[in-house]
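Comments concern the structure below.
The values are calculated or read from the model by the stated rules, or taken from the named source; none is laboratory data. Predicted model, so just to flag it, every value in this text is computed and none were measured. Methodologically, a virtual Cβ is constructed for each residue, glycine included, from the backbone with ideal geometry; neighbour enumeration extends over all protein chains shown.
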Ligand code: ATP
Ligand code: MG
């Protein structure tokens, strides 16, 4: 985003003009060098938070105790953090002491990985004391300093290492991997929300399978009995589903979660519980399990019917679609087309034919909701001269299904005709 870049440079200029040193740091420098899109730009400076607040019109004291002030420039927020070091980590997670330091190199030293420990000046000069650029070129993840110590200070870094390896398709260097294996039990000090956030980024990156494989091999989440990585449960079909993850779009994330959980032979009902335990939002947990339920229901029907019985298959499809709603059936269709695209040539032709039918059935469903019917409950009561009751709701649902499968046109007269015929 050249606009963001421009505004960020304005922030640097203001700091430098006032006699401070200031750099872009961390993820944005890394992503630029990798040729990846930059989503936000962090700035490190020698200026103390108070000076930063004085220098800029629009500031938010985001984390003064850590030296962080958010500066808003041209509607873009920039996190401006005073050069600092951290020490006396508590609980293998939080630095108890933050101390401001004078130089950028000392600031870079506290950062987790070499590729995240680079700075770029206004003139474009790279400060790269730990050979981050060289590690990017090699495609490796390496800690700044001794991996054992860095993981001992902050156990979340182990999860971040696997996440970055997964998202970038990089490989952890041997020393990092060894330290991770030795230190993995300390992951229990990290809040589940933080692990989940990393897990999300891992699964939604470009190489989810790679990340899952690293998680499995490292047994980092072993303590949590993480259902995401239990290798023993993998069937042949399951392994295929996991491999198909790389073919799924990252958005909406429920496509990948449902595929993963299904690949691990976890049932829809269980999936919802697991996702809630892992602090996913109710929305994500629900939608994920609904896609799985849809799939389970549809597979069951398909197995019980003759493949050639197209008419009965179509009717069953419409019934399931009404039950789960349009949103879920669209998500399922989207997921299904990726899944089929992944499957081998052999069964593909037949599968694709079936999928086309499903898509056509889906597109042809004229109504999904009682509100879309040409008559209301009141119309039924007037026509029949009856009082309402639970039977009315049942009847309306039946009408909806009849219209949805195409047995009765969605017209008032035709529907009332039908009602008169059945309720004598
Ligand atoms: P992205 O935002 O794309 O995930 P990022 O590198 O910007 O990547 P952030 O979590 O936003 O990651 O952190 C910004 C920077 O802060 C990192 O690049 C790294 O230098 C430093 N950092 C973040 N978390 C840690 C940590 N747990 N230990 C050490 N340094 C960290
Ligand atoms: Mg970032």
For this session: Look through region 56-70, keep the residues that are in contact with a helix residue (DSSP H, G or I) (Cβ under 6 Å, 6 or more places away or on another chain) and away from ligand 1 (no atom under 16 Å from the Cβ), and return whichever of them is nearest to residue 94 (Cα to Cα).
Result: 64
For this session: May I ask you to verify whether residue 83 is closer than 26 Å to residue 129 by Cβ and more than 28 Å from the chain's Cα centre (by Cα)?
Result: yes
For this session: Within region 30-39, work out how many residues are in contact with a helix residue (DSSP H, G or I) (Cβ under 9 Å, 6 or more places away or on another chain), modelled with pLDDT of 95 or more and within 8 Å of ligand 1 (Cβ to nearest atom).
Result: 1
Exercise. In the list 416, 386, which residue meets the criterion of being crowded, with 16+ Cβ neighbours inside 10 Å and either outside the structural domain of residue 324 (by TED's automatic domain parsing) or modelled with pLDDT of 95 or more (or both)?
Worked result: 416
Seminar exercise, completed: Residues in region 22-65 that are more than 16 Å from ligand 2 (Cβ to nearest atom) and without any contact (Cβ under 8 Å) to a residue 12 or more places away in the chain total 4
For this session: Output the residues belonging to region 75-107 that are loosely packed, with under 13 Cβ neighbours inside 10 Å and not in a strand (DSSP E or B).
Result: 75, 91, 102, 103
Exercise. For region 108-126, which residues satisfy the criterion of being part of a strand (DSSP E or B) and either within 16 Å of ligand 2 (Cβ to nearest atom) or closer than 30 Å to residue 185 by Cα (or both)?
Worked result: 113, 119, 120
Problem set entry | Residue check for residue 193: under 27 Å from residue 113 (Cα atoms) and touching a residue at least 12 places away in the same chain (Cβ under 8 Å) | yes
Exercise. Do the conditions hold for residue 76, that is, is it within 12 Å of residue 42 (Cα to Cα) and in contact (Cβ under 8 Å) with a residue 40 or more places away in the chain?
Worked result: yes
For this session: Would you please list the contacts, defined by Cβ atoms under 6 Å and residues six or more apart or on different chains, that run from a residue in region 268-286 that is at negative phi and not assigned by TED's automatic domain parsing to the domain that holds residue 201 to a residue that is assigned to a helix (DSSP H, G or I) and surrounded by fewer than 19 Cβ atoms within 10 Å (Cβ to Cβ)?
Result: 268/296; 278/196; 285/276
Exercise. Which number in (1) in a helix (DSSP H, G or I); (2) free of Cβ contacts under 8 Å to residues at least 60 places away in the same chain marks the one condition that residue 314 misses?
Worked result: (2)
Exercise. Across region 2-53, what is the total count of residues that are part of a loop (DSSP other than H, G, I, E, B), crowded, with 22+ Cβ neighbours inside 10 Å and over 29 Å from the mean Cα position of the chain (by Cα)?
Worked result: 1
For this session: Answer yes or no: is there a residue in region 278-285 that is under 21 Å from residue 208 (Cα atoms), surrounded by fewer than 16 Cβ atoms within 10 Å (Cβ to Cβ) and out of contact with any helix residue (DSSP H, G or I) (no Cβ under 7 Å at 6 or more places or on another chain).
Result: yes
Exercise. Looking only at region 132-169, which residues are assigned to a loop (DSSP other than H, G, I, E, B) and either within 25 Å of residue 5 (Cβ to Cβ) or in contact with a strand residue (DSSP E or B) (Cβ under 7 Å, 6 or more places away or on another chain) (or both)?
Worked result: 139, 142, 144, 154
For this session: Taking the residues in region 108-126 that are surrounded by fewer than 19 Cβ atoms within 10 Å (Cβ to Cβ) and in contact (Cβ under 8 Å) with a residue 60 or more places away in the chain as candidates, determine which candidate is farthest from ligand 1 (Cβ to nearest atom).
Result: 122
